[in-house]
1. Using the count of nearby Cβ atoms within 10 Å as a rough guide to exposure, how do Val117, Val86 rank from fewest to most?
2. Give me the orientation-averaged projected area of the Cα convex hull of the range 11-53, in nm², one decimal.
3. What nm value, rounded to one decimal, do you get for the distance between Ser120 and Leu108 when each label is placed 7 Å out toward the C-beta?
4. Projecting each Cα onto the charge dipole of the range 1-125 (Lys/Arg +1, Asp/Glu -1 at the beta carbon, about the Cα centre), which of Pro121, Leu31, Ser80 comes out farthest on the positive side?
5. If you put +1 on each Lys and Arg Cβ and -1 on each Asp and Glu Cβ, how big is the dipole of the chain around its Cα centre, in Debye rounded to 20?
6. If you consider only alpha-carbon coordinates, what radius of gyration and Dmax does the range 1-106 have, in Å?
7. What ratio of Cα Rg to 2.2 N^0.38 Å holds for the range 112-165?
8. Exposure proxy check: Leu27, Leu47 ranked by fewest other beta carbons within 10 Å?
Amino acid sequence: MRKAVYPGTFDPITLGHLDVIAQAAPLFGELVVAVLHNPAKRPWFDLDERLEMIRDAVASFPHVRVDAFSGLLVDYCRASGIECVVRGVRNHVDLQNEMAMAHMNRALYGDLVTLFVPTSPEWSFVSSSLVKDVAMHGGDVTRFVTPRVARALAARAEGMANRHA
Ligand code: PNS
C-alpha cells in the first residue's frame with residue numbers, strides 16, 4: 001500500500017489544509033496527517049486539541065489517519081515506512097520555502113519524494129496565522145475553518161481578551 005504523510009503545525013487546521021487533503025488522499029492507500037509537536041513554537045492549541053480538531057475535520061475522508069510527530073520529519077517517515085511527503089502550495093513564496101524543505105528532506109533521506117499540491121484559488125490567501133489574527137480581533141472566520149475550529153478559535157480569543165481586560 002502506497003502511504004504518504006501530510007505534515008504540518010495545523011494551529012489550527014483550515015479549509016485550505018482540508019482542500020489539500022481532499023486532493024491528495026485519493027492518490028494513496030493511506031494519507032497520514034502528521035502534526036508537529038513542538039512546544040517551542042508556542043501554538044494557540046496544544047497537541048491534543050489540534051489532533052482532535054483534525055480528526056473531526058477529516059472524519060468523512062476514507063484512508064486518512066491522524067498522528068503526531070516530534071523531531072525530524074525524515075525520521076518519522078523512515079520509522080513509518082513512508083516515502084512521500086505532501087505539501088500544499090498557495091503561491092510563489094510558499095513554493096520557494098517548500099522547495100528548500102523538499103531538497104533538505106531529500107538530502108537527509110534519499111528515498112523521500114515531496115509532492116506539491118496547489119491549493120485551490122479560494123484558499124490561496126488563507127493561513128492558520130491569518131485566521132488566528134482575525135479571530136483574535138473578533139472577526140468572522142467561519143468561511144475559512146470548520147465549525148468545530150471556529151468555536152475553538154472564538155473561545156481562545158475570548159479567553160485572551162478576558163486575560164488582558
Ligand atoms: O505547517 P507548517 O508549520 O508549515 O509545517 C512545517 C513542518 C512541520 C512540515 C516542518 O517544519 C517540519 O517538517 N518540521 C519538523 C522538523 C524537520 O524535519 N525540520 C527539517 C525540515 S527541512
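1. Least crowded to most crowded, the residues run Val117, Val86.
2. Working: hull surface 13.3 nm².
Over every viewing direction, the Cα hull of the range 11-53 projects on average to 3.3 nm².
3. 3.2 nm
4. Ser80
5. For the chain, the charge dipole is close to 80 debye.
6. When restricted to Cα atoms, the range 1-106 yields Rg and Dmax of 13.2, 36 Å.
7. For the range 112-165, the normalised Cα radius of gyration comes out at 1.42.
8. Fewest-to-most ranking of Leu27, Leu47: Leu27, Leu47.
Values in this text are rule-based calculations from the coordinates and carry no lab data. Since the model is a prediction, treat every value here as computed from it, not as a measurement. Backbone-built Cβ (ideal geometry, glycine too); neighbour counts: all protein chains shown.
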